[in-house]
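The values are calculated or read from the model by the stated rules, or taken from the named source; none is laboratory data. Remember, predicted model here, so these are calculated numbers, not experimental data. For neighbour counting, all protein chains shown are included, and Cβ atoms are generated from backbone atoms with ideal geometry for every residue, glycine included.
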Amino acid sequence: MLNEIKIAPSVLSADFTRLGQEVADVSTADMIHYDVMDGHFVPNISFGFDVLRAVKASTDLPVDVHLMVTNPDEMVEKFLDAGADYVSFHYEATAHANRLVQLIHDRGAKASIAINPATPVCLLDPIIDDLDMVLVMTVNPGFGGQCFIESSVRKLRRLRRLCEEHGVRPLVEVDGGIVARTAAEVAGAGANVLVAGSSVFGAPDRAAAIDALRRSAQAASGKRA
Ligand code: DX5
Ligand code: ZN
């Protein structure tokens, strides 16, 4: 079956002095990826609720909020109030993943759990049935422009097996170091939402960059067994 690929440009790599135009410039994508960093869960600080409102006002695409914060339980409602369509919180940052997923669903948004490169997919076994999306970090979170961690491909295959065992098909998002080559590798292993920061916003023609990633991933996805 054709695994439809979604491309999610990460505004972390946009020019913040003209954020509205930058978001409008990636309108051929499928969602906007919005990275929230608190300087504690990760060694970087990005943007919060008010900037999310500005991003929402600049696009009709769904916005996928990636919470790289130590206290997602305290933060999540504020991001839902600001218009998050998808919320990805980190498994490593909460003792109450199930409660958070319920809260996100009660507010009518899509719930996703993100896992760091050192976190195994088997930990998602008790909760995978309730997730709309799983975010597999393919770099250590905190910065744009890092190199893809190759062992992520094996991890994606394990996630695919886990989903098959449970008979569920959450979206599978990857984040970090996605360029045409790695887009094909991850799509071949089952990823279908590709976050891309520097490879989209660093390109002179963003629509062409989005299209190139989508084609590369779609071709590999079509070939997989
Ligand atoms: C990293 C962020 C990513 C980042 C990806 O911690 O979660 O979303 O923007 O940037 P690239 O695509 O440049 O690796
Ligand atoms: Zn991210």
Those residues of the range 141-156 which are within 14 Å of ligand 2 (Cβ to nearest atom) and over 16 Å from Leu194 (Cα atoms) amount to Gly142, Phe143
Have a look at Lys56, Lys78, Lys110 and point out the one that is among the charged types (D, E, K, R), farther than 20 Å from Asp25 by Cβ and in contact with a Gly (Cβ under 9 Å, 6 or more places away or on another chain). Lys78
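Looking at the structure I just gave you, is Phe89 in contact with a helix residue (DSSP H, G or I) (Cβ under 7 Å, 6 or more places away or on another chain), crowded, with 23+ Cβ neighbours inside 10 Å, at pLDDT 95 or above and under 19 Å from Pro141 (Cα atoms)?
On the way: in contact with a helix residue (DSSP H, G or I) (Cβ under 7 Å, 6 or more places away or on another chain): yes; crowded, with 23+ Cβ neighbours inside 10 Å: yes; at pLDDT 95 or above: yes; under 19 Å from Pro141 (Cα atoms): yes.
For Phe89, the condition - in contact with a helix residue (DSSP H, G or I) (Cβ under 7 Å, 6 or more places away or on another chain), crowded, with 23+ Cβ neighbours inside 10 Å, at pLDDT 95 or above and under 19 Å from Pro141 (Cα atoms) - is met.
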Can you find a residue in the range 16-28 that is in contact with a strand residue (DSSP E or B) (Cβ under 9 Å, 6 or more places away or on another chain) and farther than 19 Å from Val195 by Cα? no
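Determine whether the range 110-120 contains at least one residue that is within 16 Å of ligand 1 (Cβ to nearest atom), exposed (fewer than 15 other Cβ atoms within 10 Å of the Cβ) and in a loop (DSSP other than H, G, I, E, B). So that I can check it myself, show each step before the final result.
Here is the first cut: in the range 110-120, the residues within 16 Å of ligand 1 (Cβ to nearest atom) are 112-119.
With the extra rule that they be exposed (fewer than 15 other Cβ atoms within 10 Å of the Cβ), the set shrinks to 118.
Imposing the further condition that a residue be in a loop (DSSP other than H, G, I, E, B) reduces the set to 118.
Yes: the range 110-120 contains one or more residues that are within 16 Å of ligand 1 (Cβ to nearest atom), exposed (fewer than 15 other Cβ atoms within 10 Å of the Cβ) and in a loop (DSSP other than H, G, I, E, B).
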Yes or no: the range 127-143 includes at least one residue that is among the small types (Gly, Ala, Ser) and within 16 Å of the chain's Cα centre (by Cα). yes
Please specify each residue of the range 6-43 satisfying the condition of being of a type outside the set (D, E, K, R) and surrounded by fewer than 16 Cβ atoms within 10 Å (Cβ to Cβ). Phe16, Thr17, Gly20, Gln21, Ala24, Ser27, Thr28, Gly39, His40, Pro43
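Select, from Val200, Val168, Val172, the only residue that is within 14 Å of Val136 (Cα to Cα) and either at pLDDT 95 or above or of a type outside the set (S, T, N, Q) (or both). Reasoning before the result, please.
Numbers: Val200 fails: within 14 Å of Val136 (Cα to Cα); Val168 fails: within 14 Å of Val136 (Cα to Cα).
Of the residues listed, the single one that is within 14 Å of Val136 (Cα to Cα) and either at pLDDT 95 or above or of a type outside the set (S, T, N, Q) (or both) is Val172.
Out of Leu171, Leu135, report the one residue that is under 25 Å from Pro9 (Cβ atoms) and crowded, with 22+ Cβ neighbours inside 10 Å.
Working: Leu171 fails: crowded, with 22+ Cβ neighbours inside 10 Å.
The unique qualifying residue is Leu135.
Taking only the range 198-225 into account, find how many residues are in a helix (DSSP H, G or I) and either among the β-branched types (Val, Ile, Thr) or free of Cβ contacts under 8 Å to residues at least 60 places away in the same chain (or both). Even if it seems obvious, please write down each step before you answer.
Residues of the range 198-225 that are in a helix (DSSP H, G or I), as a first pass: 198-201, 206-223.
Then keep just the ones that are either among the β-branched types (Val, Ile, Thr) or free of Cβ contacts under 8 Å to residues at least 60 places away in the same chain (or both); that gives 199-200, 208-210, 212, 215-216, 219-220, 223.
Qualifying residue count, the range 198-225: 11.
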Looking only at residues that are free of Cβ contacts under 8 Å to residues at least 60 places away in the same chain and touching an Asp or Glu at 6+ places or on another chain (Cβ under 7 Å) in the range 168-190, which one is nearest to ligand 2 (Cβ to nearest atom)? Pro170
Residues located in the range 1-42, provided they are assigned to a loop (DSSP other than H, G, I, E, B) and closer than 18 Å to Met75 by Cα: Gly39, His40, Phe41, Val42
(1) away from ligand 2 (no atom under 16 Å from the Cβ); (2) surrounded by fewer than 20 Cβ atoms within 10 Å (Cβ to Cβ) all hold for Leu159 apart from (2)
